[in-house]
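Enquirer: Shown below is the structure under consideration.
Bear in mind that the values in this text are calculations on the coordinates, not laboratory data. None of the values given here were measured: they were computed from a predicted structure. Neighbour counts run over all protein chains shown; Cβ positions are idealised from the backbone, glycine included.
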Amino acid sequence: MTIQAVIFDWAGTTIDYGSRAPIVAFQKAFDNVGITITEAEIRQDMGLDKYTHICKIINLPAVQNDWQARFQVLPSSDDCDRIFRLIYNSSAPLK
């Protein structure tokens, strides 16, 4: 038997390492709800599934402080859902 094909999922690991596309998408989604996040805050959990990643960012102390100052409440799982939809819903208005 001879190998006829080999398929690798290298996107973001080998081919496009350090891509800014996910950073920009996360920053735009959070900006859309009035919260500024840094590249370092995004990159620290890069590689998680996007929903979990968003929820981890929402639970960072600096983000929670900014969220509470802006909305007078801490972010909830509904907020995580909303930001997830902003990233993945092509009809969502991103700035």
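Enquirer: How much space per residue, in cubic angstrom, does the convex hull of the C-alpha atoms of region 28-95 take up?
Expert: Measuring per residue, one finds 81 Å³ for the Cα hull of region 28-95.
Enquirer: Please compute the modelled spin-label separation between Arg70 and Asp45, points set 7 Å along Cα→Cβ, answer in nm with one decimal.
Expert: About 1.7 nm separates the two model spin labels.
Enquirer: Ranked from highest to lowest mean number of other Cβ atoms within 10 Å per residue, what is the order of the peptides 78-84, 2-8?
Expert: 78-84, 2-8
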